[in-house]
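Visitor: Below you'll find the structure I mean.
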Amino acid sequence: MAWFLRTKQNIDNQKSKEMPNGLWTKCPSCKEVIYKDQLEEELYTCFKCGHHFRIGSNDYLNIIFDKDSFVETNTDIKSADPLEFTDTKPYPQRIEEGDKKTGLNDSVTSGYGTVDGRKLSAAFMNFNYIGGSLGAVAGEKIYRAAKYSLDNRVPLLVLSASGGARMQEAAYSLMQMAKTSAILGELAENKIPYISFLTDPTTGGVSASYAMLGDVNIAEPGALIGFAGPRVIEQTIRKKLPQGFQRAEFLLEHGFLDMIVKRQDLKTKISELIKWYGF
């Protein structure tokens, strides 16, 4: 018995050396244990159930744009603290923590590049930066990406991943909804296509403005999309919501989306849409 225990301990020790922490991850949907290299090869989707893990803006840039074609713009603008806002911590501290956590200067990365050789202007939200919240800088970056599209007559893509407006900026944040919607109206008047790509989650003021204003609205499978959260709605109307309410599949069925696109097909689909619009 002692020999068996010693042998088992040696085997366990060997396993721990072969499989260090962080080598595997578990799918939150089907609970399948996935080797991280395999997860990366599948573009961070579960090979068993197709669950799409949340990824950052840089990951999406690498998936969608041709290699080394993306040029980032507007890296020199930063959020101020005009309201001197403090909740559990001062707002400047939250900004500093967001910078360190993501290596970004705000919740939106903007720029331009090519997709299968076709030009595209883009603004990508990053949920890891203060919940992908929409503040003055994020709104300005989206506005400038749209203005680049307008000036250069190239299609616009905005990728949304957000909890909504940034409360630390109050009305300054809410103004971005009108600001971005106005420039998108100019794109429509000039017949320049705007593709809106909604990922998990897209909620609040973002879903109430530019996220749902695309000439084509597409989403990832299973993405949570809505204004208020399901729990808030249930408490307000005092009724149980339908199964899958506010998920991409439910919205597609009810006409709020044009299509659902798997991450592996994303670049091809965007390239096809740009071509279809004649650009």
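The values are calculated or read from the model by the stated rules, or taken from the named source; none is laboratory data. From a predicted model like this one, the values you see are computed outputs, not experimental measurements. Please note: Cβ atoms are built from the backbone with ideal geometry, for glycine as well, and neighbour counts cover all protein chains shown. These area figures cover heavy atoms from the full protein model, side chains too; ligands, DNA and RNA do not enter into them. Shrake-Rupley method; radii C 1.70, N 1.55, O 1.52, S 1.80 Å.
Visitor: Restricting the stretch 85-98 to residues that are touching a helix residue (DSSP H, G or I) at 6+ places or on another chain (Cβ under 8 Å) and not hydroxyl-bearing (Ser, Thr, Tyr), which is nearest to Val137 (Cα to Cα)?
Guide: Restricting attention to the stretch 85-98, the residues satisfying the condition of being touching a helix residue (DSSP H, G or I) at 6+ places or on another chain (Cβ under 8 Å) are 85, 87, 91, 94-95, 98.
From what is left, the residues that are not hydroxyl-bearing (Ser, Thr, Tyr) are 85, 87, 94-95, 98.
Working: Phe85: 16, Asp87: 20, Arg94: 14, Ile95: 12, Gly98: 14 Å.
Selected residue: Ile95.
Visitor: When the stretch 90-127 is examined, which residues are found to be open to solvent by less than 50 Å² (accessible area, probe 1.4 Å) and part of a loop (DSSP other than H, G, I, E, B)?
Guide: Kept after step one, since they are open to solvent by less than 50 Å² (accessible area, probe 1.4 Å), are these residues of the stretch 90-127: 91, 95, 98-99, 102, 104-111, 113-115, 120-126.
Answer for the stretch 90-127, where residues must be open to solvent by less than 50 Å² (accessible area, probe 1.4 Å) and part of a loop (DSSP other than H, G, I, E, B): Leu104, Asn105, Asp106, Ser107, Asn126.
Visitor: Now, a different point. In the set Ser207, Ser196, which member is free of Cβ contacts under 8 Å to residues at least 40 places away in the same chain, in contact with a strand residue (DSSP E or B) (Cβ under 9 Å, 6 or more places away or on another chain), of a type in the set (Ser, Thr, Tyr) and at negative phi?
Guide: None of the others qualify; the one that does is Ser196.
Visitor: Give the residue that is farthest from Glu96 (Cα to Cα), with candidates limited to residues of the stretch 32-85 that are in a strand (DSSP E or B) and open to solvent by less than 30 Å² (accessible area, probe 1.4 Å). Outline the logic, then answer.
Guide: At the first step, the residues of the stretch 32-85 found to be in a strand (DSSP E or B) are 33-35, 45, 52, 71-73.
Pick out the ones that are also open to solvent by less than 30 Å² (accessible area, probe 1.4 Å) and you get 34, 45, 52.
On the way: Ile34: 33, Thr45: 31, His52: 29 Å.
Checked the stretch 32-85; the qualifying residue farthest from Glu96 (Cα to Cα) is Ile34.
Visitor: Taking the stretch 128-139, which residues are assigned to a helix (DSSP H, G or I) and either surrounded by fewer than 18 Cβ atoms within 10 Å (Cβ to Cβ) or in contact with a strand residue (DSSP E or B) (Cβ under 9 Å, 6 or more places away or on another chain) (or both)? Walk me through how you get there before you give the answer.
Guide: Filtering the stretch 128-139 down to residues assigned to a helix (DSSP H, G or I) leaves 130-132, 136-139.
Passing the criteria: Gly131, Gly132, Val137, Ala138, Gly139.
Visitor: Of these, Thr25, Thr7, which one is open to solvent by less than 90 Å² (accessible area, probe 1.4 Å), closer than 27 Å to Thr268 by Cβ and modelled with pLDDT under 95?
Guide: Details: Thr7 fails: closer than 27 Å to Thr268 by Cβ.
From the options Thr25, Thr7, the qualifying one is Thr25.
Visitor: Let me ask another. If the requirement is being over 19 Å from the mean Cα position of the chain (by Cα) and free of Cβ contacts under 8 Å to residues at least 12 places away in the same chain, which of these qualifies: Thr88, Thr114?
Guide: Of the residues listed, the single one that is over 19 Å from the mean Cα position of the chain (by Cα) and free of Cβ contacts under 8 Å to residues at least 12 places away in the same chain is Thr88.
Visitor: Looking at (1) at pLDDT below 95; (2) under 22 Å from Leu224 (Cα atoms); (3) of a type in the set (D, E, K, R), which one does Asp87 not meet, given that it meets all the others?
Guide: For Asp87, the exception is condition (2).
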